[in-house]
Amino acid sequence: MKAPIKTAEEFELLFSEAASMERPAMYRLMLLLSVRLGLRPMEIAGLDSSWFRGAELRIPLGHSKRKSGRSIAISEEIREALAVHMAGRTGRVFLNQRGEAMNGGGISMAMRRLYQRAGVEGSCYSGRRTLATTLVDKGVPLPVVQSVLGHSNLSTTAHYIEVTDAMVRRALFG
């Protein structure tokens with residue numbers, strides 16, 4: 001089953017719930033990385049503070065699904081959330097309660113907990129699928145969406161996109 005696409009209102013609920021949780025800065029950053037960059041749980045889990053360089057996130061070779069590296073532009077909002085979460089610390093970005101590096105399963109579980117507490121159906125991949133759909137809805141060319149998501153095949157990117165009513169209306173009536 002594909003992760004459901006979320007509305008702006010549902011993401012507002014998620015960000016509001018993240019602010020009320022224990023470790024709110026961690027949950028906010030996780031959610032931003034999922035929603036704004038479409039990162040996979042394994043990519044979020046593997047992040048190191050040294051990979052954030054100015055307005056760019058550079059994921060090195062071997063730390064992405066297809067084992068290639070990639071660079072993604074990041075916003076001031078993400079840079080600020082990272083600084084708040086890290087609080088001067090360097091190294092692995094996401095640590096569990098024991099101070100150990102989280103893995104992809106831990107990130108997925110944390111995101112599931114956030115969605116459940118907010119009363120929103122979804123998962124870590126809802127942010128990724130919503131981002132892909134939103135970009136296409138805005139008219140972003142598919143190869144750009146493919147690059148953002150880090151896919152090697154355009155057909156994989158197509159599986160992340162849901163056709164919206166607005167897309168159909170524009171296709172039929174301009």
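The values are calculated or read from the model by the stated rules, or taken from the named source; none is laboratory data. Just so it is clear, the model here is predicted, and its values are computed rather than measured. Cβ placement follows ideal geometry from the backbone for every residue including glycine, while neighbour counts extend to all protein chains displayed. Just the protein is used for accessible areas: all its heavy atoms, side chains included, with ligands, DNA and RNA removed. Shrake-Rupley method; radii C 1.70, N 1.55, O 1.52, S 1.80 Å.
Count, please, the residues in the range 156-174 that happen to be open to solvent by less than 80 Å² (accessible area, probe 1.4 Å) and without any contact (Cβ under 8 Å) to a residue 12 or more places away in the chain.
Residues that pass the stated criteria total 2.
Conditions first: (1) within 21 Å of I59 (Cα to Cα); (2) in contact (Cβ under 8 Å) with a residue 60 or more places away in the chain. A81 passes all but one, so which condition is the exception?
Only one criterion in (1) within 21 Å of I59 (Cα to Cα); (2) in contact (Cβ under 8 Å) with a residue 60 or more places away in the chain is unmet by A81, namely (2).
Going through the range 141-161 one residue at a time, which ones are under 17 Å from the mean Cα position of the chain (by Cα) and part of a loop (DSSP other than H, G, I, E, B)?
Hits for the range 141-161 are G150, H151, I161.
Sort out which residues of the range 1-45 are under 18 Å from A101 (Cα atoms), open to solvent by 20 Å² or more (accessible area, probe 1.4 Å) and outside any loop (DSSP other than H, G, I, E, B), and write them in order of number.
P24, A25, R28, M42
What's the number of the only condition in (1) closer than 22 Å to G46 by Cβ; (2) touching a residue at least 24 places away in the same chain (Cβ under 8 Å); (3) among the small types (G, A, S) that G99 fails to meet?
If we test G99 against (1) closer than 22 Å to G46 by Cβ; (2) touching a residue at least 24 places away in the same chain (Cβ under 8 Å); (3) among the small types (G, A, S), just (2) comes out false.
Tell me, which residue of the range 98-108 that is within 16 Å of L29 (Cα to Cα) and part of a loop (DSSP other than H, G, I, E, B) is most open to solvent (accessible area, probe 1.4 Å)?
Checked the range 98-108; the qualifying residue most open to solvent (accessible area, probe 1.4 Å) is N103.
Here are some conditions: (1) part of a loop (DSSP other than H, G, I, E, B); (2) charged (D, E, K, R); (3) open to solvent by less than 70 Å² (accessible area, probe 1.4 Å). R128 meets all but one. Which one does it not meet?
Failing condition for R128: (1).
Taking the range 110-125, which residues are loosely packed, with under 15 Cβ neighbours inside 10 Å and either in contact with a strand residue (DSSP E or B) (Cβ under 8 Å, 6 or more places away or on another chain) or on the phi < 0 side of the Ramachandran plot (or both)?
R112, R113, Q116, E121 - these are the residues of the range 110-125 that are loosely packed, with under 15 Cβ neighbours inside 10 Å and either in contact with a strand residue (DSSP E or B) (Cβ under 8 Å, 6 or more places away or on another chain) or on the phi < 0 side of the Ramachandran plot (or both).
Scan the range 59-78 and tell me whether some residue there is under 27 Å from V136 (Cα atoms), in a helix (DSSP H, G or I) and not acidic (D, E).
So far as the range 59-78 goes, yes, one or more of its residues are under 27 Å from V136 (Cα atoms), in a helix (DSSP H, G or I) and not acidic (D, E).
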